[in-house]
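Nothing in this text is a laboratory measurement; each read-out follows from the coordinates by a stated rule. In this text the structure is predicted, and so the values were computed from the model without any measurement. Counting neighbours? That spans all protein chains shown, and the Cβs are built from the backbone with ideal geometry, glycine included.
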Amino acid sequence: MHLVSVNVGLPRDVTWKGKTVTTGIFKESTADRVMIRSLNLDGDGQADLAVHGGRDKAVYAYPSEHYSYWREQVPDMDLPWGMFGENLTTVGLREDEVNIGDRFRIGAAEIVATEPRMPCYKLGIRFGRPEIVKQFQDSRLTGIYFAVVQEGEIGLEDAIELVSRDERHVTVADITHLYLDKNLDNPANRDLMTRAIQVEALAAGWRDYFQQQLAKLA
């Protein structure tokens with residue numbers, strides 16, 4: 001596993017549907033080594049901190065492997081690394097193989113997986129087509145949010161090393177499945193939600209959501 005691109009960008013104002021919107025989704029690849037800090041990367045920023053950023057969403061990674069799928073879906077568009085607003089474009093770091101709570105070392109930094117990415121309308125701004133938001137969610141190719149365990153410098157082609165695996169084995173893809181599956185009362189999903197809320201690294205919003213769903217099923 002390794003990085004193929006490190007992408008950063010500060011919030012900017014854009015015009016969308018006749019209104020001015022501030023967004024940090026526009027990222028550009030950098031050849032410089034970049035410091036990962038507890039809330040973001042140096043040279044990077046989020047516009048709406050109510051739904052983006054924070055400790056559970058300090059770093060967003062997206063698998064380079066998914067880009068071939070999207071090139072088929074939007075063949076008329078150029079898709080440079082960072083197109084999905086990711087800070088890290090990766091090789092070998094997939095949602096169905098990474099557990100919530102898994103820890104990784106990249107360069108001098110250490111990060112822990114916390115949740116999948118659920119898209120908002122600003123992805124539509126980046127692509128210039130609102131329908132991409134639903135396409136992204138339906139694809140379940142969400143990418144992975146990470147919290148920062150240890151701040152440190154990273155750079156292009158750095159290895160991504162697994163430090164530890166969470167023993168409950170709830171994958172990032174499992175969280176997306178639970179969110180999109182409308183049959184949460186089956187035993188498998190109940191068990192999965194029960195295990196998920198026991199993962200310390202799971203983002204608080206997801207833990208609250210699953211606890212509410214389990215309470216409804218009790």
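Residue separation of Met1 and Asp13 scaled by 0.36 nm, minus their Cα-Cα distance, works out to 0.8 nm of gained length. Phi-derived couplings, Karplus 6.51 cos²θ - 1.76 cosθ + 1.60 at θ = phi - 60°, listed residue by residue for the range 104-119: 9, 10, 10, x, 8, 9, 10, 10, 10, 6, 10, 5, x, 9, 9, x Hz, with x used for Gly and Pro.
Using DSSP to define loop residues, name the trypsin sites (Lys or Arg not before Pro) in the range 160-218 whose beta-carbon has at most 10 other beta-carbon atoms within 10 Å.
Details: sites: Arg165, Arg168, Lys182, Arg190, Arg195, Arg207, Lys216; in loops: Arg165, Arg168, Lys182.
Counting only loop positions with at most 10 other Cβ atoms within 10 Å, the trypsin sites (Lys or Arg not before Pro) in the range 160-218 are Lys182.
Evaluating 6.51 cos²θ - 1.76 cosθ + 1.60 at θ = phi - 60° for every residue in the range 28-36, the Karplus couplings come out as 10, 5, 10, 8, 6, 6, 10, 8, 8 Hz, glycine and proline recorded as x. Considering helices alone, the calculated mean residue ellipticity of the chain at 222 nm is -7000 deg cm²/dmol, with DSSP H runs of length four and up weighted by -39500 (n - 2.57) and normalised per residue.
Checked against a 27 Å cut-off, the cross-linked pairs Lys17/Lys216; Lys57/Lys122; Lys27/Lys182 give Cα-Cα distances beyond that limit for Lys17/Lys216; Lys27/Lys182.
Charges only on Cβ, +1 for Lys and Arg, -1 for Asp and Glu: so what's the dipole of the range 1-140 about the Cα centre, in debye to the nearest 20? Walk me through the numbers before you get to the answer.
Working: 18 positive and 20 negative charges, 75 e Å.
Roughly 360 debye for the range 1-140.
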